[in-house]
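The next block holds one structure in the form of structure tokens; read it before the comments.
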Amino acid sequence: MAKEIPEIKVYNTLTRKKERLVTNVPGKLTMYSCGPTVYSFVHIGNLRASLVSDLFYRYFKKAGYDVIYVRNYTDVDDKIIETSKKENLSAADIAKKYLLEVEKDFALADMAEPTLKTTVTSHMPQIINMIQKILDNKHAYVTDEGEVFFSIESFPDYGKLSHKKTDELQVITRIEVNPKKKNPLDFTLWKPAKPGEPFWESPWCNGRPGWHIECSAMSTCHMGDQIDIHHGGEDLVFPHHENEIAQTEAATQKKPFVKYWLHNAFVNIYKEKMSKSIGNVLLARNILNQYGKEITRFMLLSVHYRAVLDFSDENLEHALSGLHRIYDAKAKAKELLDKKSIIPDLRAESLWGEFVSQSEKAKKEIGDHFANDFNVSGALARVFDLIREFNRVLSKSLMQATPASQLGAQALIAVLEDDLGSVLGFGGDEPSKIFKQLEQIKIAKTPNLARPTDAEIKLAIKARAQARLSKNFQEADRIRKDLEAKSIILKDSPKGTTWEYK
Ligand SMILES: [Zn+2]
């Protein structure tokens, strides 16, 4: 008999409500997640988005759904073409190179393999077909140059995902006026290639698709016209996902294209928005190499997916102490299981019997937290409660290995591995390995990740000037080197000392 699926609630951006999940086909679930554009290494924001969809996927499978999960790679795009000029490789080679690099990072993060990973360039016939359908249904038009635009005026539902009227959207997006567009919000479905750019033949011109159409084409091609869940970072709500709805519903004439839209929030770095201009972009690979997958996953998943995640020392400390508690209890449970069982005293046996039934209760409650729009912190809090109880019973029973205490140890390990580890991807490893990692991190403590604030830099510059005045050049040098380790370079001039990022 098929497993009974629990009642699950998810927050739907479309309705702005937490809703009960009812899939199109009972027992089956189709999910599409917008993956990265492969023109560089992925950063921590991309990693969070991918880990969130990995969490959804692992949880839905565990809950008993037969899941089809499709994640794409955007492998033709303006940024890829730009990088290809810089790196002196073809656009196809750039995409191939970075796709492999992203795969390496995802493997380091122990990401579960989706049912299908798709690329744009392997779906050109489906994309062209879909654009033709949109044209046939009179939702798009072709310019003299062969560029195909979606006409948003032909689609009265436009704005339903971002909850904006089209005139508001025009103000927000400040789109440059293109005289060939009938409405400034009309967006490209197909565009002619510039000389030297990659192109595909089409009925309209030799060119390539606009960005949005790929996800519509790939999701309908592999999962049908209507899917259950579509996920992405919240920056994709508008225009990307709004446009996906318009295109798909215009092509298939079926509503809704997606039943539940799930979006995860951003990652900030030390309370600042991550951006290239500030120079605080953290690469996923650096985080994964430095901390390993368990700590990285704890840091990125323990904060609710719809809350902004601040990557900071506190976030790291929280992960280190959380994992330490989990693996400390696991190590003790394993130690207990490795001991030879002795004849118990009855009082301790009843304490352990109580613990086993508590862990059954905890299993159910952890499941309830995940079923409530992925309340990971609720699930973790319940795990820590159980660990506290385990430690209490363990000390009361003087760590004696008895038939009942060994059942208790097994129950705890089962919660850590099956209920926590299988969904969040941490808690399932060997304690000795994790302890070693935690120890190494404590030693390194990564000062160069903690970028000092402007005020702190000014203060350091002042202290250095003081040190130089009092001829303490050793101290002045130490301050300069300390800043350099944090990527701050000082420049002395007759007017004083200025600084810049390395
Ligand atoms: Zn997409």
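The values are calculated or read from the model by the stated rules, or taken from the named source; none is laboratory data. In this text the structure is predicted, and so the values were computed from the model without any measurement. Every residue, glycine as well, gets a Cβ built from its backbone with ideal geometry; the counts of neighbours run over all protein chains shown.
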Inset, instruction - Can you give me the ranges of the strands (runs of 3 or more DSSP E) entirely in the range 103-217 with at least 3 residues that are away from the ligand (no atom under 16 Å from the Cβ) and either farther than 30 Å from LEU283 by Cβ or touching a Lys or Arg at 6+ places or on another chain (Cβ under 8 Å) (or both)? - result: 140-142, 187-192
Legend entry - Lone unmet requirement of (1) within 28 Å of MET124 (Cβ to Cβ); (2) within 16 Å of the ligand (Cβ to nearest atom) for THR13: (1)
Inset, instruction - Pairs only if they're at least six apart or on different chains, beta carbon under 7 angstrom, first in the range 90-119 and assigned by TED's automatic domain parsing to the domain that holds CYS221, second among the β-branched types (Val, Ile, Thr) and part of a loop (DSSP other than H, G, I, E, B); list them, first residue then second. - result: ALA91/VAL76; ALA95/VAL38; ALA95/VAL76; TYR98/VAL38; LEU99/VAL38; VAL102/VAL38; VAL102/VAL42; ASP105/VAL42
Inset, instruction - Output the number of the condition that LEU316 fails; it satisfies all remaining conditions of (1) at pLDDT below 95; (2) in the same structural domain as VAL423 (by TED's automatic domain parsing). - result: (2)
Inset, instruction - Give GLU197, GLU234, GLU294, GLU244 a once-over and let me know the one that is in contact (Cβ under 8 Å) with a residue 24 or more places away in the chain, surrounded by fewer than 23 Cβ atoms within 10 Å (Cβ to Cβ) and under 21 Å from the mean Cα position of the chain (by Cα). - result: GLU234
Inset, instruction - Could you grab me the full set of residues in the range 390-410 that are out of contact with any Leu (no Cβ under 9 Å at 6 or more places or on another chain) and under 13 Å from GLN358 (Cα atoms)? - result: LEU407
Inset, instruction - Say whether the condition of being basic (Lys, Arg), away from the ligand (no atom under 16 Å from the Cβ), more than 15 Å from the chain's Cα centre (by Cα) and assigned to a loop (DSSP other than H, G, I, E, B) is met by at least one residue in the range 299-321. - result: no
Inset, instruction - Restrict the check to the range 227-236 and report whether at least one residue is more than 11 Å from the ligand (Cβ to nearest atom), assigned to a helix (DSSP H, G or I) and in the same structural domain as ILE134 (by TED's automatic domain parsing). - result: yes
Inset, instruction - Please determine, by comparing only the residues of the range 31-68 that are of a type in the set (Ser, Thr, Tyr) and more than 14 Å from the ligand (Cβ to nearest atom), which one is nearest to HIS230 (Cα to Cα). - result: TYR57
Inset, instruction - Kindly indicate whether any position in the range 378-385 is within 19 Å of ALA63 (Cβ to Cβ), at pLDDT 95 or above and touching a strand residue (DSSP E or B) at 6+ places or on another chain (Cβ under 6 Å). - result: no
